[in-house]
Amino acid sequence: MHSLIELEYQYGAHNYEPLPVILTRGEGVYVWDDEGKRYLDMMSAYSAVSHGHCHPDIVKALTQQASKLAIVSRAFYTDKLGQFLEKICEMTGLEKALPMNTGAEAVETALKAARKWAYTVKGVSQDKAEIIACEGNFHGRTIAIVGMSSEAQYRSGFGPFPAGFKIIPYGDAAALERAITPNTAAFLVEPIQGEGGIIIPPAGYLKQCAEICRKNRVLFICDEIQTGMGRTGKFLACEHEGVKPDGVILGKALGGGLLPVSAFVCREEVMNVFTPGDHGSTFGGNPLAAVVGMAAFNVLTKEKLVAKSAELGEYLLKRLQKIDSKLIKDVRGKGLFVGVEIDPRFYSAREICLRLLKEGILSKETHHTVIRLAPPLVITKQQLDTVVDTLAQVLKIAEKEVA
């Protein structure tokens, strides 16, 4: 075992099982290991590096602001936060934004807002509010969030969990309608389930759910932490169905691949339930984060990365679907958010990821069966060709071994 891996193993918690590579540098779609070998990054840190590694415009914004003012807490006003909040609202088409740091924090913020809205606006009896989520969801790792997970490992050993959550099948609008009661505050849903295996719901699902929520006075909240910021070929994935949620959760790419930056964005009626002291974050909305978030938006617009994701995503999907291999069960995706499902009778997806690693392609499996392909949106068609050709070759060799 490499000494650096050994050091991490000895002194760190064993809550991850990284692929055996030590990364030391990144630029654009590439990263380099400690021996100087270059890799094409097809993970983008779970979409956090959508703008590419160390984008010069975002790095410049960060370093300039870091030399002026970084953190003062929300006890004071700063000259950067207001513009950032305005930009978030402009990009999402919603009215109010509450900045946080990690995606999980933004999800918790949405849960708190939904519950307080249910009590103070909708008239639900105190401590009776319900929030509906979907099987296969991944909204984060806090106690409350894993409490609404259907993944046994995410829950095992961490109970008891807070009450007030209902789980329904994903992609089934009728199940949502059946689950709603007078106490239902909100429906929280990923437009595409990322950690669940790049699961795309049936066409029209989000639109139906939004209508059901509106009819029943239930908040429709989209978790766009992975799918937002252009990842699926629209700024928000819910835009594919022309849906405007009551609330949207942003994170990952909002920090431009440099900082943890997140936000809950919603209608004014929902956000107005918060009063001073109700909720907060020492680091949330700090000047450094606000400037980096603004730079992330500006690069997205300037380089037309949303349109690029749509065009290249379609190209990648078509090329992957042409790979003739019995090891592939399915290829699915939208924009540059694609999953290649490997038949577990032959190999685990991790084994294929390890073989890709040797060939200079970085990816990571989800649920042991799906290879996630979600590169920085700055990737080129030629670089995608390299990935597809390499994957096809790896699968061809692997297939021969089980013939």
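Here is how the numbers come out for the structure above:
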quantity: Count - residues of segment 311-338 that are of a type in the set (A, V, I, L, M), buried (at least 20 other Cβ atoms within 10 Å of the Cβ) and in a helix (DSSP H, G or I); calculated: 3
quantity: Wholly enclosed strands (runs of 3 or more DSSP E) of segment 134-231 bearing at least 2 residues surrounded by 19 or more Cβ atoms within 10 Å (Cβ to Cβ) and touching a strand residue (DSSP E or B) at 6+ places or on another chain (Cβ under 9 Å); calculated: 184-189, 219-223
quantity: Selected residue [over 29 Å from L316 (Cβ atoms) and surrounded by 21 or more Cβ atoms within 10 Å (Cβ to Cβ)] from F84, F76; calculated: F84
quantity: Hits in segment 92-133 - residues which are over 20 Å from S73 (Cβ atoms), among the aliphatic types (A, V, I, L, M) and in a strand (DSSP E or B); calculated: I131, I132, A133
quantity: Positions within segment 171-226 being β-branched (V, I, T) and in contact with a Pro (Cβ under 8 Å, 6 or more places away or on another chain), in sequence order; calculated: I192, I221
quantity: Top-ranked residue of segment 355-377 - restricted to ones that are part of a loop (DSSP other than H, G, I, E, B) and crowded, with 21+ Cβ neighbours inside 10 Å, ranked as nearest to the chain's Cα centre (by Cα); calculated: A374
quantity: Among (1) on the phi > 0 side of the Ramachandran plot; (2) out of contact with any strand residue (DSSP E or B) (no Cβ under 8 Å at 6 or more places or on another chain); (3) crowded, with 18+ Cβ neighbours inside 10 Å - the single one G285 does not satisfy; calculated: (2)
quantity: Qualifying residues in segment 77-91 (those that are assigned to a loop (DSSP other than H, G, I, E, B) and within 21 Å of P260 (Cβ to Cβ)) - the one farthest from the chain's Cα centre (by Cα); calculated: T78
quantity: Residue tally, condition touching a residue at least 12 places away in the same chain (Cβ under 8 Å) and outside any helix (DSSP H, G or I), over segment 1-15; calculated: 1
quantity: Residue under evaluation V340, criteria (1) outside the structural domain of Q382 (by TED's automatic domain parsing); (2) closer than 25 Å to G28 by Cβ; (3) in contact with an Asp or Glu (Cβ under 9 Å, 6 or more places away or on another chain), criterion not met; calculated: (1)
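The values are calculated or read from the model by the stated rules, or taken from the named source; none is laboratory data. All figures in this text were calculated on a predicted structure; none of them were measured in a lab. Heads up, the Cβs are rebuilt from the backbone with ideal geometry, glycines too, and the neighbour counts pull from every protein chain shown.
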